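Here's the structure we're looking at; comments come further down.
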Amino acid sequence: MTPFEILNPSTLGEAYSMLSERDEEASIFAGGTDILGEMKQDTSSPACLVNIASLEELRSVEQRARETAIGSMVTLSRIARDPGINARFPALTQAAESVATPQIRNVGTLGGNLCQRPRCWYYRSPAFDCLKKGGDTCFAVDGGNKYHAILGADRCHIVHPSDTAVALMALDAQVDIFGEGGLRRIPVSELFVGPGEDILSETTLGTGDILTRVAIPHPGLGARSIYLKAKERQAYDFALVSVGGYMEVMDGVVAEARIVLGGVAPVPYFARAASDALRGARASDVDAKVVGQLAVEGAEPMSENGYKVRLASNLVARAVRTLLDMPLDE
Ligand SMILES: Cc1cc2nc3c(=O)[nH]c(=O)nc-3n(C[C@H](O)[C@H](O)[C@H](O)COP(=O)(O)OP(=O)(O)OC[C@H]3O[C@@H](n4cnc5c(N)ncnc54)[C@H](O)[C@@H]3O)c2cc1C
Ligand code: SF4
């Protein structure tokens with residue numbers, strides 16, 4: 001591990017200045033469960049960590065008139081046990097409680113979960129200078145690719161590792177970012193960038209940008225949501241495949257639907273054809289199996305991950321059936 005300096009800003013503005021002045025030498029330190037692993041493995045060697053733990057304004061959960069705003073330093077444990085979040089956004093509760101172990105959830109934050117780096121074993125190993133680290137080869141193509149992408153890959157075949165990102169996209173969340181020019185808000189889907197656009201990063205955050213808050217619109221009438229995660233090791237593991245689903249059912253008709261897949265693509269994958277097939281359909285006419293098949297349309301599995309196509313299709317079908325069966329008031 002390369003020696004590093006740790007800075008403790010007392011305001012958001014100060015944190016931004018520290019990050020922009022040190023540019024690529026500096027990284028944000030939130031709970032540290034991901035970045036310290038990277039530093040220990042020399043995948044990343046920032047000369048300076050800007051510790052945002054002392055910024056109290058990033059630790060609040062606010063129930064506003066039309067949205068719930070969750071600070072980026074709120075821990076995953078707190079999200080998992082917050083009754084207000086669970087009442088409105090069960091998918092987020094389920095995603096947060098599916099992450100890792102209680103110890104990691106106790107320190108791991110929502111911002112860190114969204115901005116964590118990929119788990120590809122070649123990327124994490126100092127022995128492989130792959131495309132994502134500025135090299136010229138993707139070792140997963142001819143190597144071990146059991147956990148890699150089946151959709152949306154472009155030279156690099158990582159899957160996005162965040163559980164909460166999948167749920168938040170299904171819930172149509174937005175994120176607030178503090179950076180040059182102050183605060184801006186973007187849909188959570190625009191936080192992520194695939195390797196076709198930027199192979200070195202997984203987010204659209206620029207120098208000095210700090211994710212401050214996630215805002216989730218309050219659900220409409222007849223709303224229901226779910227997060228399902230298939231894991232290889234049941235005690236704790238990253239998703240082989242996960243599904244975030246949101247639906248509004250009114251008078252027996254699916255008025256709104258969003259299906260998002262995790263563990264299959266370099267970014268959380270919005271299954272457009274599956275979502276479109278649900279929207280406007282009579283709930284009693286929905287064929288969940290067909291929706292599952294639509295969700296993986298265009299999949300291009302690698303040599304060892306063909307199993308993900310069927311797994312994803314079946315998990316979507318299960319999510320759709322469960323959502324339609326939920327006995328909620330319309
Ligand atoms: C054993 C193990 C198992 C895990 N299992 C899972 C799992 O099942 N599912 C899952 O989703 N994750 C998993 N993780 C990944 C991850 O560590 C946690 O999910 C956690 O939420 C990361 O949050 P953190 O606060 O510790 O992030 P940190 O390690 O502090 O930061 C992670 C990255 O995000 C950046 N960052 C942090 N906060 C911000 C911010 N506010 N604005 C901009 N950038 C920011 C940091 O610079 C860093 O690059 C696992 C990790 C470990 C070690
Ligand atoms: S999938 Fe991406 S991170 Fe993994 S070896 Fe290939 S280029 Fe590197």
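The values are calculated or read from the model by the stated rules, or taken from the named source; none is laboratory data. Small disclaimer: the values here were computed from a predicted structure and weren't measured. Heads up, the Cβs are rebuilt from the backbone with ideal geometry, glycines too, and the neighbour counts pull from every protein chain shown. Each accessible area value is taken on the protein alone, full model and side chains, heavy atoms only, with ligands, DNA and RNA left out. Shrake-Rupley method; radii C 1.70, N 1.55, O 1.52, S 1.80 Å.
Assorted remarks:
- When the range 73-122 is filtered for residues that are assigned to a loop (DSSP other than H, G, I, E, B), of a type in the set (Gly, Ala, Ser) and either without any contact (Cβ under 8 Å) to a residue 40 or more places away in the chain or closer than 17 Å to residue 168 by Cα (or both), only 108 remains.
- Against the test of being closer than 25 Å to residue 235 by Cβ, away from ligand 2 (no atom under 16 Å from the Cβ) and outside the structural domain of residue 305 (by TED's automatic domain parsing), the options 61, 107 yield a single qualifying residue, 107.
- Residue within the range 284-303 that is touching a His at 6+ places or on another chain (Cβ under 8 Å) and open to solvent by 30 Å² or more (accessible area, probe 1.4 Å) present: yes
- Residue 14 vs. criteria within 24 Å of the chain's Cα centre (by Cα) and either more than 7 Å from ligand 1 (Cβ to nearest atom) or in a helix (DSSP H, G or I) (or both): no
- Some residue of the range 227-240 being in contact with a strand residue (DSSP E or B) (Cβ under 8 Å, 6 or more places away or on another chain) and open to solvent by less than 10 Å² (accessible area, probe 1.4 Å): no
- Checking each residue in the range 13-36 for being touching a residue at least 40 places away in the same chain (Cβ under 8 Å) and surrounded by 16 or more Cβ atoms within 10 Å (Cβ to Cβ) picks out 15, 16, 19, 28, 30, 31, 32, 33, 34, 35.
- Among the criteria (1) within 20 Å of the chain's Cα centre (by Cα); (2) more than 9 Å from ligand 2 (Cβ to nearest atom); (3) outside any helix (DSSP H, G or I), the one residue 142 does not fulfil is (1).
- Test result for residue 147, within 16 Å of ligand 1 (Cβ to nearest atom), open to solvent by 20 Å² or more (accessible area, probe 1.4 Å) and of a type in the set (Phe, Trp, Tyr): yes
- Residue count for the range 34-52 under the criterion of being near ligand 1 (Cβ under 9 Å from one of its atoms), part of a helix (DSSP H, G or I) and farther than 17 Å from residue 20 by Cα: the result is 4.
- Residues that are among the hydrophobic types (A, V, I, L, M, F, W, C) and farther than 30 Å from residue 252 by Cα, drawn from the range 286-308: 299, 302
- Residues in the range 54-82 that are surrounded by fewer than 16 Cβ atoms within 10 Å (Cβ to Cβ) and of a type in the set (Gly, Ala, Ser): 54, 60, 65.
- Residue 127 within 16 Å of ligand 2 (Cβ to nearest atom), among the aliphatic types (A, V, I, L, M) and surrounded by fewer than 20 Cβ atoms within 10 Å (Cβ to Cβ): yes
- Counting the residues of the range 173-195 that are closer than 18 Å to residue 117 by Cβ and touching a Gly at 6+ places or on another chain (Cβ under 8 Å) gives 1.
- Only one of the listed residues (91, 96, 87, 140) is more than 16 Å from ligand 1 (Cβ to nearest atom), small (Gly, Ala, Ser), open to solvent by less than 10 Å² (accessible area, probe 1.4 Å) and modelled with pLDDT of 95 or more. That residue is 140.
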